Amino acid sequence: MMDQGLKRTSQIDESAVIGKEVVIGEHVTIMAGCIIGNHVTICDGVYLDFHVIIRDYVVIGKNSYVGANCILGEYTADFFISHKKQNSFLMIGEDAIIRSGSIFYAGTKIGKKFQTGHHVTIRENTIIGDSVSVGTLSDIQGNCEIGNYVRMHSNVHIGQKSKVEDFVWIFPYVVLTNDPTPPSEELKGVVLKSFAVIATSSILLPGVIVEGDSLVAAGAVVTKNVYQGEVVGGNPAKVISHISNIKNHITGTSVYPWRYYFKRGMPWEDSDYLTWYKKISEELKKEENSKLKY
Amino acid sequence: MMDQGLKRTSQIDESAVIGKEVVIGEHVTIMAGCIIGNHVTICDGVYLDFHVIIRDYVVIGKNSYVGANCILGEYTADFFISHKKQNSFLMIGEDAIIRSGSIFYAGTKIGKKFQTGHHVTIRENTIIGDSVSVGTLSDIQGNCEIGNYVRMHSNVHIGQKSKVEDFVWIFPYVVLTNDPTPPSEELKGVVLKSFAVIATSSILLPGVIVEGDSLVAAGAVVTKNVYQGEVVGGNPAKVISHISNIKNHITGTSVYPWRYYFKRGMPWEDSDYLTWYKKISEELKKEENSKLKY
Amino acid sequence: MMDQGLKRTSQIDESAVIGKEVVIGEHVTIMAGCIIGNHVTICDGVYLDFHVIIRDYVVIGKNSYVGANCILGEYTADFFISHKKQNSFLMIGEDAIIRSGSIFYAGTKIGKKFQTGHHVTIRENTIIGDSVSVGTLSDIQGNCEIGNYVRMHSNVHIGQKSKVEDFVWIFPYVVLTNDPTPPSEELKGVVLKSFAVIATSSILLPGVIVEGDSLVAAGAVVTKNVYQGEVVGGNPAKVISHISNIKNHITGTSVYPWRYYFKRGMPWEDSDYLTWYKKISEELKKEENSKLKY
């Protein structure tokens, strides 16, 4: 079933079922009850917990963990119409932690350091950047673009055609809708710009654009665009404040724009946002200059 | 374990565990890790994906697909009280697509062409019509009546004693409640009449009746009945418009009542609502006339 | 693998995988596909349904039922950082009914007569009292305190650092938040005092205290403390009534404070609240007196 040489340093439970054209790296662990389809690549250091199902055309990056009962490369609707298995790849970057019971469809591409909670669903044709985390029970409906360092908490629903830029925070039970006149065929995705914060159980109506450094308050029903620095709340949501008015409840000091005050898990964790931004800007400038030269 | 004649054309993985009084049709596929109880009927062309658990007294209609890790005929509360297995049937019509991780209880009856997303829960004593779809994570609590061509999106919660008529649309995170003075024993279900549209994250309070051709806006908290053609929104919900005022955001043309403008998946997909309605009415009339004659 | 003497009266499927230092009581049932780690104690009369995964250091109390595909003792974040398995215990009291697909983390302690729906997640370092029930898809985020006789319905989200006292009712899609200025490191949990009722889809903002005998109406966004006997509703929530004004919709009689009118599943089920309260108070007094004497 496999090139025996490949699994010298890997531990594969004898109950695992492994298909054709499967490449398994070094130091891979495959626990009891796993089922692996055809054309699958499992890179070095990957750990597949009990009863993981991997369908065809899946690539799992180095040192990733896949929790018990997960399904990777799940069938899209085409499978049920044509009875043929899809051959579009699910690509998962290195250092992923995918917690148990999660289901990812074929045809989606996910960057490095991806993390999920349990029972997360991610559908087809979605592009997800690096260092993104998605909480328990969240549901990304497919055909979405998600940037880098996006943080989604539990039970977030991202409708089709949504665009979420880098460093956006989305809290529990937020829904990004997409149909302006349901039911219709005219979907308009929501756009969340970099550094926007969307608090618990708020609803973003179809086509709404939320600019960066803004805060959508818990329970807001957002029917119009939200501009830089605004705090909006209520049903329907209105501007209720400016982020500069919100202070830490203990110290009374400023807390927004959050990028200047919050570090955990961010690329500026070891310094601060401005230092990081300066460094990254210079690196980008050098890259562009070097491109121009050759 | 089975009549060998029956499985001539069927493929049953050798790891599958199959109980007594099980009838398996032609061209059935049963994948690794499936566990099938007693008194189960699996009709022609059914596909049971990996690790499906089927308990006793389940009937699965022709050409249905049951996703990985699904549980069909799940134990009701009686099982934990009496330690006896139930013997009320779970009946699933033909051409169902039940996606992975879903759990259906014993004692429920589902029509043809049923479709679900992942991790859907459907409890006992519910009657579901034909061509119904239920999105990922939705939870139908039992003792409900659901008509034909009902579309529920992700994460919909249908409380006990709800009645949902034909052609109703229910969008993500909608909750149909049932207890007017919680906690109490006096449950009053919500009634959604044919052609009603219930948008994202709205809450329907106990006993509310929503008439057809109406639209409950996203985030509405509906405390009173909604009448034909009304658009209600807000917390608490008030009449905010009439459906005739809502236009397509691109073309500016009418979009409601939606049955005249939307076709996908509907029985009038190949013509239009009025043509279909005329045809169906004549057929019904003939049937009645023929009944009268004989 | 086990002391053969222990399993004389127990039925363990031959496909089950059982680790080291596992103690299994009398009349235990372990179904096909179960995987049990090390240092696990399974008390008398426990029933593990198909494909249950139990990791290390788990104790399951007498006569408990664990549904198919459940994971008990799930890895905490430390596992992914240090690659070491945790050794903090998950303790589940006797007579639990844990329905299929649920995931409980290591380091949590749960009292007697615990019940859950399906796909429930309970994270680490949470203390849960006796006779608590948690509905399908609910998500208890860890580091919480939950009292006795708490009833959570489906899809409830309990943020970290929440405190829920005895006899609290929480209805579907309620969210207890904890971050006053998201994202921040300054979490303030919500406190729900004994006998509070929190209706469907309401949101409790960080640090809010809800006193007993109060009612938070469906869809309320609660930004301030709620006092004894108040009914609050709306976005943002305001006092809209007093519980004494709410009557049964059929009989027109009082229904609140609910402890005087509702009995099912409560310790006063066979008499009434006042009789029970008198009895329990006397018992406590005797205990205190006896402590004083010795």
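Based on this model, can you work out whether C:Glu283 counts as over 23 Å from the mean Cα position of the chain (by Cα), farther than 21 Å from B:Thr181 by Cα, open to solvent by 30 Å² or more (accessible area, probe 1.4 Å) and not polar (S, T, N, Q)?
Yes: the conditions hold for C:Glu283.
Can you tell me which residue is surrounded by the most Cβ atoms within 10 Å (Cβ to Cβ) among those in segment C:232-249 that are part of a loop (DSSP other than H, G, I, E, B) and more than 8 Å from chain B (Cβ to nearest Cβ)?
Across segment C:232-249, the extreme among qualifying residues is C:Ala237.
Residues in segment C:148-159: is at least one in contact (Cβ under 8 Å) with a residue 60 or more places away in the chain, under 20 Å from the mean Cα position of the chain (by Cα) and open to solvent by less than 10 Å² (accessible area, probe 1.4 Å)? Break it down into steps so the answer makes sense when it comes.
Step one: filter segment C:148-159 for residues in contact (Cβ under 8 Å) with a residue 60 or more places away in the chain, giving C:149, C:151.
If we keep only those that are under 20 Å from the mean Cα position of the chain (by Cα) as well, we get C:149, C:151.
From what is left, the residues that are open to solvent by less than 10 Å² (accessible area, probe 1.4 Å) are none.
No, segment C:148-159 has no match at all.
I need a count of the residues in segment B:26-77 that are aromatic (Phe, Trp, Tyr), touching a strand residue (DSSP E or B) at 6+ places or on another chain (Cβ under 7 Å) and more than 14 Å from chain A (Cβ to nearest Cβ).
Residues meeting the conditions: 1.
Would you be able to tell me the number of residues in segment A:180-199 that are over 13 Å from B:Thr200 (Cα atoms) and without any contact (Cβ under 8 Å) to a residue 40 or more places away in the chain?
Residues of segment A:180-199 over 13 Å from B:Thr200 (Cα atoms): A:184-199.
Filter again for without any contact (Cβ under 8 Å) to a residue 40 or more places away in the chain, leaving A:184-188, A:190-193, A:196, A:198-199.
Here the count works out to 12.
Since B:Glu124 meets every condition but one in (1) at pLDDT 95 or above; (2) open to solvent by 20 Å² or more (accessible area, probe 1.4 Å); (3) touching a helix residue (DSSP H, G or I) at 6+ places or on another chain (Cβ under 8 Å), which condition does it not meet?
Condition (3) is where B:Glu124 drops out.
Can you tell me which residue within segment A:250-279, out of those that are polar (S, T, N, Q) and part of a loop (DSSP other than H, G, I, E, B), is least open to solvent (accessible area, probe 1.4 Å)? Quick ask: steps written out before the conclusion?
Within segment A:250-279, the subset polar (S, T, N, Q) is A:251, A:253-254, A:271, A:275.
Of the ones still in play, those that are also part of a loop (DSSP other than H, G, I, E, B) are A:251, A:253, A:271.
Details: A:Thr251: 86, A:Thr253: 75, A:Ser271: 44 Å².
The selected residue is A:Ser271.
Looking only at segment A:41-56, count how many residues are of a type in the set (Gly, Ala, Ser) and open to solvent by less than 10 Å² (accessible area, probe 1.4 Å). Can you show your working first?
Step one: of segment A:41-56, the residues of a type in the set (Gly, Ala, Ser) are A:45.
Restricting the remaining residues to those that are open to solvent by less than 10 Å² (accessible area, probe 1.4 Å) gives none.
Residues flagged as of a type in the set (Gly, Ala, Ser) and open to solvent by less than 10 Å² (accessible area, probe 1.4 Å) within segment A:41-56 amount to 0.
How many of the residues in segment A:160-172 are closer than 23 Å to C:Pro206 by Cβ and either in contact with a Phe, Trp or Tyr (Cβ under 7 Å, 6 or more places away or on another chain) or open to solvent by less than 10 Å² (accessible area, probe 1.4 Å) (or both)?
Selection size over segment A:160-172: 4.
Give the residue, chosen from A:Gly142, A:Gly229, that is in contact (Cβ under 8 Å) with a residue 12 or more places away in the chain, surrounded by fewer than 24 Cβ atoms within 10 Å (Cβ to Cβ), among the small types (Gly, Ala, Ser) and under 26 Å from B:Ser102 (Cα atoms).
Exactly one residue qualifies, and that residue is A:Gly142.
Inside segment B:116-151, can you point out the residues that are part of a strand (DSSP E or B), aliphatic (A, V, I, L, M) and more than 18 Å from C:Ser138 (Cα to Cα)?
B:Ile127, B:Ile128, B:Val134, B:Ile146, listed by residue number.
Quick one: how many residues across segment C:201-226 are touching a Gly at 6+ places or on another chain (Cβ under 8 Å), of a type in the set (S, T, N, Q) and open to solvent by 20 Å² or more (accessible area, probe 1.4 Å)?
Qualifying residue count, segment C:201-226: 1.
Output yes when any residue across segment A:185-200 is more than 19 Å from A:Ile146 (Cβ to Cβ), of a type in the set (S, T, N, Q) and either open to solvent by 20 Å² or more (accessible area, probe 1.4 Å) or modelled with pLDDT under 95 (or both), and no when none is. Give the derivation first.
Pass one, segment A:185-200, residues more than 19 Å from A:Ile146 (Cβ to Cβ): A:185-186, A:200.
Imposing the further condition that a residue be of a type in the set (S, T, N, Q) reduces the set to A:200.
Those left that are additionally either open to solvent by 20 Å² or more (accessible area, probe 1.4 Å) or modelled with pLDDT under 95 (or both): none.
No, segment A:185-200 contains no residue that is more than 19 Å from A:Ile146 (Cβ to Cβ), of a type in the set (S, T, N, Q) and either open to solvent by 20 Å² or more (accessible area, probe 1.4 Å) or modelled with pLDDT under 95 (or both).
Quick one: is A:Val17 β-branched (Val, Ile, Thr) and closer than 20 Å to C:Asn69 by Cβ?
Yes: the conditions hold for A:Val17.
Checking the condition free of Cβ contacts under 8 Å to residues at least 40 places away in the same chain, open to solvent by less than 10 Å² (accessible area, probe 1.4 Å) and small (Gly, Ala, Ser), which residue from C:Ala16, C:Ala68 passes?
Every option except C:Ala68 fails the conditions.
Restricting attention to segment C:171-223, which residues are more than 10 Å from every other protein chain (Cβ to nearest Cβ) and among the β-branched types (Val, Ile, Thr)?
Those that are more than 10 Å from every other protein chain (Cβ to nearest Cβ) and among the β-branched types (Val, Ile, Thr): C:Val190, C:Val191, C:Val208, C:Ile209, C:Val210, C:Val216.
Within segment A:158-202, track down each residue that is assigned to a strand (DSSP E or B), of a type in the set (A, V, I, L, M) and more than 19 Å from A:Gly265 (Cβ to Cβ).
Passing the criteria: A:Ile158, A:Val175, A:Leu176, A:Val191.
Could you check segment C:105-115 and list, in sequence order, the residues that are away from chain A (no Cβ under 14 Å) and either within 27 Å of B:Ile140 (Cα to Cα) or part of a loop (DSSP other than H, G, I, E, B) (or both)?
C:Gly107, C:Thr108, C:Gly111, C:Lys112, C:Lys113, C:Phe114, C:Gln115
Taking segment A:117-132 only, how many residues are more than 14 Å from chain B (Cβ to nearest Cβ) and without any contact (Cβ under 8 Å) to a residue 60 or more places away in the chain?
The number of residues fulfilling the criteria is 7.
The values are calculated or read from the model by the stated rules, or taken from the named source; none is laboratory data. Please read these numbers as outputs of a predicted model, since none were measured by experiment. Heads up, the Cβs are rebuilt from the backbone with ideal geometry, glycines too, and the neighbour counts pull from every protein chain shown. Surface areas here come from the heavy atoms of the whole protein model, side chains and all, with no ligands, DNA or RNA. Shrake-Rupley method; radii C 1.70, N 1.55, O 1.52, S 1.80 Å.
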